[in-house]
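Input: a single structure, listed below in structure tokens.
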Amino acid sequence: MERLGGFGSNRVASNVIPVLFGLFGVVITNVPISAFGSWIPAPMYALMPVYYWCLVRPDLMTPGWAFLIGFIHDIVSGEPPGLWAASFVATYAIIDKQRDAFAGLSGFGAILGFATATLVACSAHYVIFSLYHWHLMPVTGSIKEFAVTSILYIPVVVVLAYMHRRFVGPLRSEF
Amino acid sequence: MGNGSWKISRSRGRAHLPLTVVAVLAIFLVLLGKAQSSLFDRARTGVIDWMQPALEASRTPMETMGRWMGSIGNIFWVYQENLKLKEENARLKQWHNTAQVLTERLKRYQLLLNAVPDPALSSVVARVIGRANHPFLQTMILDAGKSHGAKPGQAVVDQRGMIGRVYLTGEHTSWVILLTDLNSRIPVSIEPNTDQAIMSGDNSPMPLIETLARGVELKPDSQVVTSGDGDILPAGIPIGVIVKDGSHYRVALFADQTTAQDVEIVDFKQKPEHPPSVGQQELPVTAAGLAPAAPQPQAATSQVMPVPPPVYKPPLPPGQKPAVVPQQGPANAPVNNAEPGDQ
């Protein structure tokens with residue numbers, strides 16, 4: 001019973017952890033300090049909890065939450081509204097469709113799985129942005145963003161896994 | 001789950017309907033944002049105003065960590081850095097003295113010419129609490145908004161030069177579009193010939209010079225400043241220097257937007273100050289203790305000959321003396337055609 005939520009009766013609090021991590025990722029992505037300078041875009045931290053909990057607890061990370069996190073990312077980053085929201089939803093759709101394939105990955109394969117999801121998100125964002133401005137954008141920035149996000153997933157997933165084990169837990173139906 | 005490990009959920013099918021709905025909603029949102037781009041501005045500023053404490057709170061530990069990480073590498077370069085700073089400080093002191101002398105001289109000239117001084121610029125100091133560094137977007141969030149006097153269009157500078165301009169203001173926060181952003185367009189003037197151009201960002205570290213007059217050749221390291229055209233920005237704010245990039249020109253910015261933490265929002269919309277009326281005591285002659293000159297009669301002033309425009313004279317070959325040209329001035333004016341070496 002403890003694994004259904006570390007807070008016991010306060011299960012609601014543990015259930016919002018995935019969304020809170022997504023929002024925290026939005027904030028971290030837009031903090032003014034950059035460890036990589038201006039040459040490398042900020043990593044898409046918000047995509048990591050969306051991907052992770054979309055795989056392991058889709059009941060807590062629903063398409064609505066993915067949409068909301070993407071929308072808040074649009075709002076906070078100053079981009080036209082809906083671009084990242086649509087990209088996140090497109091990524092969510094891919095993950096949801098190929099969940100069995102993604103969920104079966106482990107170790108280095110799990111990183112490649114997230115890299116695939118990041119590639120989908122960055123590609124969707126590139127296409128939507130180019131259509132939005134009706135101008136073909138340079139792809140260099142998107143490639144850098146894809147690379148740095150994929151690499152930084154390795155340390156972040158350790159934190160996400162710990163939080164999941166400690167506070168969130170698996171679905172009740174899996175017992 | 002009895003073995004203590006957690007499993008991946010494989011439940012499918014439940015999220016499909018909401019996924020379709022949300023996808024339609026996302027597309028609708030994009031189209032709505034395209035049609036009414038300002039529709040979400042209020043929501044944007046409201047959210048950022050609400051998130052300001054969180055952004056400021058997350059800024060402090062990140063800044064500390066960044067300094068700590070940066071200081072590790074700097075330890076090895078402290079000695080060289082110290083020598084370099086001492087040398088730079090000595091040079092800057094010289095320039096500081098020169099700037100003071102020139103400023104005083106400029107003031108005197110403006111007073112003599114009764115020139116209209118530059119408009120007074122007030123500024124608000126703000127801290128950077130957010131910075132979006134994305135592939136197609138480079139913006140900053142400042143912790144000063146309408147309540148501090150910030151308005152859209154105002155220039156944002158740091159101690160080195162211009163960074164960007166405010167394009168959206170909330171009650172306590174402002175959005176700054178950086179010079180390197182894809183949507184940035186700034187009218188600039190390029191020294192020393194004051195060539196007018198448009199500087200546009202393309203998400204690269206060095207913005208592009210566009211709309212330059214045909215045939216104009218720019219020299220590398222020429223200084224780029226704001227031109228003030230369009231009454232958008234004050235003229236003369238330093239931006240950077242020209243760098244040749246193939247067939248294009250780019251601008252290497254003075255300001256480093258990745259490290260700027262405290263910036264100034266320059267308010268340009270103040271009315272220009274009118275020059276103070278020049279009193280008799282402020283004239284140089286009276287200030288020197290001499291009596292002011294008597295006003296000349298109208299007939300005498302109307303006969304003043306206009307000064308001929310300067311004529312370019314090519315340099316003489318060595319050893320050749322310049323030809324004597326009769327002066328057109330008053331007949332009793334002394335004419336000195338002798339060279340210093342002839343006496």
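The values are calculated or read from the model by the stated rules, or taken from the named source; none is laboratory data. Everything numeric in this text was worked out from a predicted model, so none of it was measured. Every residue, glycine among them, receives a Cβ derived from its backbone with ideal geometry; neighbour counts consider all protein chains shown.
With the structure loaded, tell me whether A:Val148 is surrounded by fewer than 19 Cβ atoms within 10 Å (Cβ to Cβ), in a helix (DSSP H, G or I) and without any contact (Cβ under 8 Å) to a residue 12 or more places away in the chain or whether it fails that test. Spelling it out, it is not the case that A:Val148 is surrounded by fewer than 19 Cβ atoms within 10 Å (Cβ to Cβ), in a helix (DSSP H, G or I) and without any contact (Cβ under 8 Å) to a residue 12 or more places away in the chain. When restricted to residues that are under 13 Å from B:Thr258 (Cβ atoms), within 12 Å of chain A (Cβ to nearest Cβ) and not aliphatic (A, V, I, L, M), the stretch B:158-181 contains 2. A Cβ distance below 6 Å, combined with a sequence gap of six or more or placement on separate chains, defines the contacts here; from the stretch B:248-265, residues that are crowded, with 19+ Cβ neighbours inside 10 Å reach residues that are hydroxyl-bearing (Ser, Thr, Tyr) and assigned to a strand (DSSP E or B) in the pairs B:Glu264/B:Ser123. Sort out which residues of the stretch A:122-136 are more than 11 Å from chain B (Cβ to nearest Cβ) and under 23 Å from A:Ile151 (Cβ atoms), and write them in order of number. Result: A:Ser123, single match.
Of all the residues in the stretch B:52-87, those that are more than 7 Å from chain A (Cβ to nearest Cβ) and closer than 28 Å to A:Phe129 by Cα number 1.
When A:Tyr45 is tested against the conditions (1) more than 9 Å from every other protein chain (Cβ to nearest Cβ); (2) out of contact with any Leu (no Cβ under 8 Å at 6 or more places or on another chain), the lone failure is (2).
Listed by position, the strands (runs of 3 or more DSSP E) contained in the stretch B:102-183 that have at least 2 residues being modelled with pLDDT under 85 and surrounded by fewer than 17 Cβ atoms within 10 Å (Cβ to Cβ) are B:122-134. Cβ-Cβ contacts under 6 Å between residues 6 or more apart (or on different chains), taken from a first residue in the stretch B:19-39 that is within 7 Å of chain A (Cβ to nearest Cβ) to a second residue that is outside any helix (DSSP H, G or I) and not aromatic (Phe, Trp, Tyr), are listed as B:Ala26/A:Gly82; B:Leu29/A:Pro81; B:Leu29/A:Gly82; B:Val30/A:Gly82; B:Gly33/A:Pro80; B:Gly33/A:Pro81; B:Gly33/A:Gly82.
For the stretch A:85-121, the set of residues classified as facing chain B (nearest Cβ under 9 Å), under 30 Å from B:Ser174 (Cα atoms) and of a type outside the set (Val, Ile, Thr) consists of A:Ala85, A:Ala86, A:Ser87, A:Phe88, listed by residue number.
Return a yes/no flag: does the stretch B:89-100 have any residue that is surrounded by 19 or more Cβ atoms within 10 Å (Cβ to Cβ) and not small (Gly, Ala, Ser). No - not one qualifying residue is present in the stretch B:89-100. Kindly indicate whether any position in the stretch B:29-44 is exposed (fewer than 11 other Cβ atoms within 10 Å of the Cβ) and outside any helix (DSSP H, G or I). Yes: the stretch B:29-44 contains one or more residues that are exposed (fewer than 11 other Cβ atoms within 10 Å of the Cβ) and outside any helix (DSSP H, G or I).
State yes or no: is B:Ser227 of a type in the set (Gly, Ala, Ser), within 14 Å of chain A (Cβ to nearest Cβ) and surrounded by 17 or more Cβ atoms within 10 Å (Cβ to Cβ)? So B:Ser227 does not fit the description; no.
For (1) free of Cβ contacts under 8 Å to residues at least 24 places away in the same chain; (2) outside any helix (DSSP H, G or I); (3) surrounded by 23 or more Cβ atoms within 10 Å (Cβ to Cβ); (4) not small (Gly, Ala, Ser), each residue gets a yes or a no:
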site: A:Pro43; (1), (2), (3), (4): no, yes, yes, yes
site: A:Met61; (1), (2), (3), (4): no, yes, yes, yes
site: A:Gly64; (1), (2), (3), (4): yes, no, no, no
site: A:Val76; (1), (2), (3), (4): no, no, yes, yes
site: A:Trp84; (1), (2), (3), (4): no, no, yes, yes
site: A:Phe88; (1), (2), (3), (4): no, no, yes, yes
site: A:Asp96; (1), (2), (3), (4): no, no, no, yes
site: A:Ile111; (1), (2), (3), (4): no, no, no, yes
site: A:Leu119; (1), (2), (3), (4): no, no, no, yes
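Listed by position, the strands (runs of 3 or more DSSP E) enclosed by the stretch B:209-257 that each have at least 1 residues that are among the β-branched types (Val, Ile, Thr) and more than 15 Å from the chain's Cα centre (by Cα) are B:238-245.
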